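> I have a structure here, written as structure tokens, and I will follow up with some questions on it.
The values are calculated or read from the model by the stated rules, or taken from the named source; none is laboratory data. Computed from a prediction, not measured in an experiment: that's the story for all the values here. Every residue, glycine as well, gets a Cβ built from its backbone with ideal geometry; the counts of neighbours run over all protein chains shown. Remember, those area values only see protein heavy atoms, side chains included, never the ligands or the DNA or RNA. Shrake-Rupley method; radii C 1.70, N 1.55, O 1.52, S 1.80 Å.
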Amino acid sequence: RKEIIGQLNKFQKGYLDRDTSQVDVFMESLYSRDNLLILGTGPREAFRGYDEAVYLVRSDWESWGDCRFMIGSASISSAGDVAWFATKGYVEFDLSKLLVLPLRLTGVMVKEDQVWKFRQQQFQFDIDFSFSLLAILILSAWILVSLVTLVIVSVRVVKARRSPLKDPGTGEEG
């Protein structure tokens, strides 16, 4: 556990310092070159292999945000030369310091030459989207009612324009 916590702390330091001149050293000390997979927070963010992982880390450091993880309370298990972990944290985005989202980090590490290295990682926003689904349903219903109302009003206006005008006093068409 102590060695894995040490590697997680190195990972944390890299994602706090975000010194792109140190990406190669960071990657070499923390990531396996064998069958590496990192899943990002986006639906199409699957980075396979060492080179793609380097690209992800470099781009995260250049433009994503400051990540902070609760390393001390990470859940860690192992069997032989394989370990797996899970921890929570958050990311404070560069574009808006007001945007801070909870984050989960999970992964698998393997022991290579007596050093624990990441073989798989997954970053996941830790957000409950059940409220979002309810909000989407309510907004969809509101939009549907608004569209139906618009159609009804539009039909009435068109009908009124097509009807000949009648003199209210005589009832005759004008």
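> Which aspartates and glutamates, if any, have their Cα less than 20 Å from the Cα of K13, not counting same-chain residues under 8 positions apart?
E3, D24, E28, D60, E62, D66, E92, D94
> Please list, in chain and number order, the residues 5+ apart from L103 or on another chain whose amide H is under 5 Å from its amide H, with Hs placed from the backbone.
G89, Y90, V91, D126
> Would you work out which of M109, L133, V82 lies farthest towards the positive end of the dipole of the chain? Charges go on Cβ: Lys and Arg +1, Asp and Glu -1.
Of M109, L133, V82, it is L133.
> Also, I was wondering about something else. How big, in percent, is the set of alpha carbon pairs in region 74-122 lying more than 18 Å apart? Show your work: numbers first, answer last.
Values: 505 of 1176 pairs.
Everything past 18 Å amounts to 43 percent.
> Quick one: what do you get for the chain if you divide its Cα Rg by 2.2 N^0.38 Å?
Values: Rg = 28.5 Å, N = 174, 2.2 N^0.38 = 15.6 Å.
This ratio for the chain stands at 1.82.
> With each label point set 7 Å from Cα along the Cα-Cβ vector, what nm distance links S63 and S163?
5.9 nm
> Probe radius 1.4 Å, ligands and nucleic acids ignored: give me the carbon and sulfur share of the accessible area of region 1-69 as a rounded percent.
After summing per-atom areas, the C and S share lands at 47 percent.
> Let me ask you something else. Once phi is turned into θ = phi - 60°, what whole-Hz ³J(HN,Hα) does the Karplus curve with 6.51, -1.76 and 1.60 give for every residue of region 25-38, x standing for Gly and Pro?
5, 4, 5, 4, 7, 10, 10, 6, 8, 9, 6, 7, 9, 10
> Please state the charge dipole magnitude for the chain, taken about the Cα centre, from unit charges on C-beta atoms (+1 on K and R, -1 on D and E), reported in debye and rounded to the nearest 20.
Approximately 580 debye in magnitude.
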